[in-house]
Amino acid sequence: MSLPAPFDLLPDLCDNHQGLLHVAAPGFVDFGGKKTFHGVAVTLSCFEDNSLVRDLVGQDGHGKVLVIDGKGSLRRALLGDLLAQKAMDNGWEGIVINGAVRDVVTLGSLPLGVKALAACPVKTEKLGAGELGLVVSFADVTIHPGDYIYADPNGLVVSRVQLPA
């Protein structure tokens, strides 16, 4: 798939494919060093426990974006430097978190897309809680496993189909 240059990805996609896109409400902050990313959604729902995040970033992520519904909790960070490095090493395009991250200076130095609501220095519980492959809803969008996620500094959009060039 050939997409517009990184600096104009979402405005051009919105102009050219308006009927195919669902635009997330503003509020996400770019924490990763890679500001523009896209890929197939892999969904996870977890609350203040990143056990499954650790498992997923250890798997092949080429062409994929990990979408984590942390229920908007800002009390514990679902992603930090070690898991982000693992995601990068395994080829993940990016991670979108309806929740918090930590180790933000290091995250900003990694060539990985990371969008989250805020930073929090507190790590999560490790209880093995969470569910993979659910339909998740937050920020005025619903994301199904296999949807296409497109992100840049302008925001985040979701499409049920891969967008043509």
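Structure notes:
- Residues that are out of contact with any helix residue (DSSP H, G or I) (no Cβ under 8 Å at 6 or more places or on another chain), under 21 Å from Gln85 (Cβ atoms) and part of a strand (DSSP E or B), drawn from region 105-117: Gly113, Lys115, Ala116
- Residue check, Gly133 in contact (Cβ under 8 Å) with a residue 12 or more places away in the chain, surrounded by 13 or more Cβ atoms within 10 Å (Cβ to Cβ) and touching a strand residue (DSSP E or B) at 6+ places or on another chain (Cβ under 7 Å): no
- Of the residues making up region 56-82, those that are outside any loop (DSSP other than H, G, I, E, B) and either more than 17 Å from Gly32 (Cβ to Cβ) or within 13 Å of the chain's Cα centre (by Cα) (or both) are Leu56, Val57, Lys64, Val65, Leu66, Val67, Ile68, Asp69, Leu78, Leu79.
- Phe31 in contact with a helix residue (DSSP H, G or I) (Cβ under 7 Å, 6 or more places away or on another chain), crowded, with 17+ Cβ neighbours inside 10 Å and within 24 Å of Pro11 (Cα to Cα): yes
- Screening the candidates Val23, Val105 for the property of being over 23 Å from Leu127 (Cβ atoms), surrounded by 15 or more Cβ atoms within 10 Å (Cβ to Cβ) and of a type in the set (Val, Ile, Thr) yields one hit, Val23.
- Just one of the listed residues (Ala25, Ala100, Ala87, Ala41) is under 22 Å from Val141 (Cβ atoms) and assigned to a helix (DSSP H, G or I), namely Ala87.
- Within region 140-165, the set of residues being in a loop (DSSP other than H, G, I, E, B) and surrounded by fewer than 20 Cβ atoms within 10 Å (Cβ to Cβ) comprises Asp140, His144, Pro145, Gly146, Pro153, Asn154, Arg160, Val161, Gln162, Leu163, Pro164, Ala165.
- Among (1) under 26 Å from Asn154 (Cβ atoms); (2) surrounded by 23 or more Cβ atoms within 10 Å (Cβ to Cβ) - the single one Asn50 does not satisfy: (1)
No lab work stands behind these numbers, since they all come straight from the coordinates. Please read all numbers here as calculations on a predicted model, not as lab measurements. Cβ coordinates were reconstructed from backbone atoms using ideal geometry, including for glycine residues, and neighbour counts include every protein chain displayed.
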